[in-house]
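The values are calculated or read from the model by the stated rules, or taken from the named source; none is laboratory data. Treat the numbers as computed from the prediction; the structure is a model and nothing was measured. All Cβ positions, even for glycine, are placed from backbone atoms using ideal geometry, and neighbour counts span all protein chains on display.
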Amino acid sequence: MKFRKKLHHAPRKKNRRKSFGTMAVLILFLVFFVILPIRNIYTRSKPLIESARAVKFAVSQNDMDLVKSNMTDLQVKFDSFEKEAKKVYWMRFIPLAGLYVSDFKNGVEAGGHLIVASDKMVETLTPYADLIGFKKGTAGFSEKSADDRIQTAVLTLDKVVGRVDDIAIDVDAARSNISKIDSKRYPGKYGAKIKKYEEQFDSVASLFVDAKPLIKKLPDILGANNERTYLILFQNDKELRPTGGFLTAYALFKVKNGKLTAQRSEDIYNLDATLSRHPKPPAPILAYHKGVYQFNIRDSNLSPDYIESMKEFEKLYALSSQKVNYDGIIAMDTKVLVDMLRVLGDTQAGGITFSAKDDTRCDCPQVIYELLNDIDRPVNYVKNDRKGILGQLLYAIMQKALSSSPSQYWGQLSQDMIKNLEQKHVLIYLKDDNEQKAVEAINFAGRIQEVTGDYLHINDTNFAGAKSNLYVSHDVTSDTKIDSDGSVHRTLTIRYKNPYKHSDCNLERGGLCLNATLRNWLRVYVPMGSTLTSFRGSQTKTLTYDELGKTVFEGFMTVNPLGTATVIVEYDLPFKVLNVRDYKLYIQKQPGTAGHAYTIIVNGANKAIDMPLVEDYTLESK
């Protein structure tokens, strides 16, 4: 019996030993191939994050030597981190958990591509660090004259842009890795944060990759090979027009090897006076523009598409006795002047000191008040070239920027300029087809865009309503309802509000008429083939027509000082959306606007509440 009992329990002990052995192997496997690598990844992530912050700080200090030093340290920390990260890549083949490991792998690889791209960028820019506003050990460039500085910068651009393609390859590779990360896998705020970072990076990467053609053309655009001539148009966004503002003045600049020469700066009215004849104005001017019965250059920017407006400008400009050949037309509004003065400080031009500080006389930047005061206030004498002061101010600002230490101003000025290009406070039209295509590729040309899905562009025009756009605010609610059969019905509500009192517009008393009744020509651009069902709030008969590849709903209304006005436009889209997750809305900002407040609703759900529209925006339901 004892013998039998011993035989009976022997297999159990053997199985138990096998189980313990298997468990021990499993535990050891988990420890060495999962737990320890994850712990080491976490441990090495801390110094990596600190090193990345150090690089960011060095960039903010415009210190190239510090950037190089911190980049070297970042590479060392990243190599250590990546070595540990690779130890868990095998887990991406495990069901479910492997999806998160794949995301992690793509994130790490994207980081590697970005570090390589950054190293190439630093290596390329180091010899010219002081040209772009970064401090360096040597100060040779800072000792040059203003003209020599910009000339040196332009002549070295060819060497810098030579590596753009090489850098773009790594940036695009990083974008490819990041695009494979699925933010929907992550709960709540974590998924939203990942999606936000993905969108921000995609925007920056797209700008860099898409900007390659323009970057390569910069030496030519800045006259590195042949002298260039540019017309600068000043758009007064306080008197809003389709492309950003009333064409109030113009300046003529020549550039050779980056050296700027101001040829002329004049009131736009003076240019209008040189036309051999004035054609009959288009229908909207006769219908809405108070007391205007001829077509003037100053009213030529009637199309919301900047290039189309410039074609009209050119037709009238060809009738001028002062016309000159030019290589491009660059339009800018008052925000550009304010931003430059905010960086450079008070600047004198035409005997006036201009500042970006707030002025209580208009509740606006002092430069805006002084320009309007000098240009628009009635006087009892003939004031020649009353708007030429704008050209003088721009030239004074340019000279001040070029005469300063690059590390002091150039970095911030270039960042502001890129932002103003993105937000359509600067618009570019170049006569060279290839250069123009490069500008349009990154949406710097103010063109009405061709898009798939839903589209919206609201375009306001102030026809003889003083400078009331200083004070009138816009609040827009976009409400989309998608029916079960896929039909899409939209209700657009636009609220205008002017909380300020009427200005003293009495010419005999010499009042400065800034705020008066806004006479607003309103156009709403929607997908071609959309059907209008209701247009409430227009004080004239509404019109529907096709233009620029869109269907347009047109009306006219006024907004009184201390008053409000509301327009409600209802329409049906020409296509169906069978799955609400497939709904996409592209909203295109009007140039010159500071950022109207938008509330976007899709099937009763708020998608964006009080979103300031500072640049073009794409809403994707999914």
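Hey, can you tell me all the residues within the range 587-622 that are of a type in the set (Lys, Arg) and at pLDDT below 95?
Answer for the range 587-622, where residues must be of a type in the set (Lys, Arg) and at pLDDT below 95: Lys607, Lys622.
Residue by residue, here is whether (1) assigned to a strand (DSSP E or B); (2) on the phi < 0 side of the Ramachandran plot; (3) within 27 Å of the chain's Cα centre (by Cα) holds:
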residue: Tyr525; (1), (2), (3): yes, yes, yes
residue: Thr551; (1), (2), (3): yes, yes, yes
residue: Ala565; (1), (2), (3): yes, yes, no
residue: Val569; (1), (2), (3): yes, yes, no
residue: Lys589; (1), (2), (3): no, yes, yes
residue: Ala594; (1), (2), (3): no, yes, yes
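Among the residues of the range 527-540, those that are among the hydrophobic types (A, V, I, L, M, F, W, C) and part of a strand (DSSP E or B) comprise Leu532, Phe535. For the range 277-313, taking the residues that are more than 30 Å from Leu393 (Cα to Cα) and among the hydroxyl-bearing types (Ser, Thr, Tyr), the one that is surrounded by the fewest Cβ atoms within 10 Å (Cβ to Cβ) is identified as Tyr293. Among the residues of the range 252-303, those identified as among the hydroxyl-bearing types (Ser, Thr, Tyr), in a loop (DSSP other than H, G, I, E, B) and closer than 25 Å to Gly446 by Cβ are Ser300, Ser303.
For Ile178, state whether it is surrounded by 15 or more Cβ atoms within 10 Å (Cβ to Cβ), assigned to a helix (DSSP H, G or I) and modelled with pLDDT under 80.
Spelling it out, it is not the case that Ile178 is surrounded by 15 or more Cβ atoms within 10 Å (Cβ to Cβ), assigned to a helix (DSSP H, G or I) and modelled with pLDDT under 80.
For Asn257, work out the one condition from (1) under 23 Å from the mean Cα position of the chain (by Cα); (2) within 22 Å of Ser414 (Cα to Cα); (3) of a type in the set (S, T, N, Q) it doesn't fulfil. It fails just one condition, (1).
Checking each residue in the range 545-580 for being more than 23 Å from His474 (Cα to Cα), buried (at least 19 other Cβ atoms within 10 Å of the Cβ) and touching a helix residue (DSSP H, G or I) at 6+ places or on another chain (Cβ under 8 Å) picks out no residue at all.
For the range 214-243, name all the residues that are of a type in the set (S, T, N, Q) and in contact with a helix residue (DSSP H, G or I) (Cβ under 6 Å, 6 or more places away or on another chain).
Thr243
Find the residue count for the range 603-622, including only residues that are within 18 Å of the chain's Cα centre (by Cα), in a strand (DSSP E or B) and over 19 Å from Thr452 (Cβ atoms).
Looking only at the range 603-622, we keep the residues that are within 18 Å of the chain's Cα centre (by Cα), and these are 611-619.
Subsequent filtering for residues that are in a strand (DSSP E or B) retains 611-613, 617-619.
Narrowing further to those that are over 19 Å from Thr452 (Cβ atoms): 611-613.
Number satisfying all stated conditions: 3.
Scanning the range 548-579 for residues that are acidic (Asp, Glu) and free of Cβ contacts under 8 Å to residues at least 60 places away in the same chain gives a single hit, Glu554. Figure legend. Inter-residue proximity from the range 298-317: first residues more than 19 Å from Asp272 (Cβ to Cβ) and outside the structural domain of Val426 (by TED's automatic domain parsing), second residues at pLDDT below 95 and crowded, with 21+ Cβ neighbours inside 10 Å, beta-carbon distance below 7 Å, spacing 6+ or different chains. No pairs are indicated.
Of the residues making up the range 466-515, those that are in a loop (DSSP other than H, G, I, E, B), buried (at least 21 other Cβ atoms within 10 Å of the Cβ) and in contact with a Ser or Thr (Cβ under 6 Å, 6 or more places away or on another chain) number 1.
Considering Lys501, Lys481, Lys437, which residue is more than 27 Å from Asn296 (Cα to Cα) and in contact with a His (Cβ under 6 Å, 6 or more places away or on another chain)? Give the steps one after another, and end with the answer.
Details: Lys501 fails: in contact with a His (Cβ under 6 Å, 6 or more places away or on another chain); Lys437 fails: in contact with a His (Cβ under 6 Å, 6 or more places away or on another chain).
So the residue among Lys501, Lys481, Lys437 that is more than 27 Å from Asn296 (Cα to Cα) and in contact with a His (Cβ under 6 Å, 6 or more places away or on another chain) is Lys481.
Summed over the range 318-375, the residues that are without any contact (Cβ under 8 Å) to a residue 12 or more places away in the chain, farther than 16 Å from Ile389 by Cα and assigned to a helix (DSSP H, G or I) give a count of 0.
Name the helices (runs of 4 or more DSSP H) wholly within the range 377-447 that hold at least 1 residues that are closer than 30 Å to Gln61 by Cα and modelled with pLDDT under 85? Steps first, please.
On the way: elements: 389-403, 406-422, 433-441.
Result: 389-403, 406-422.
Selection of the range 345-362 for residues being closer than 25 Å to Gln412 by Cα and modelled with pLDDT under 90 yields only Ala349.
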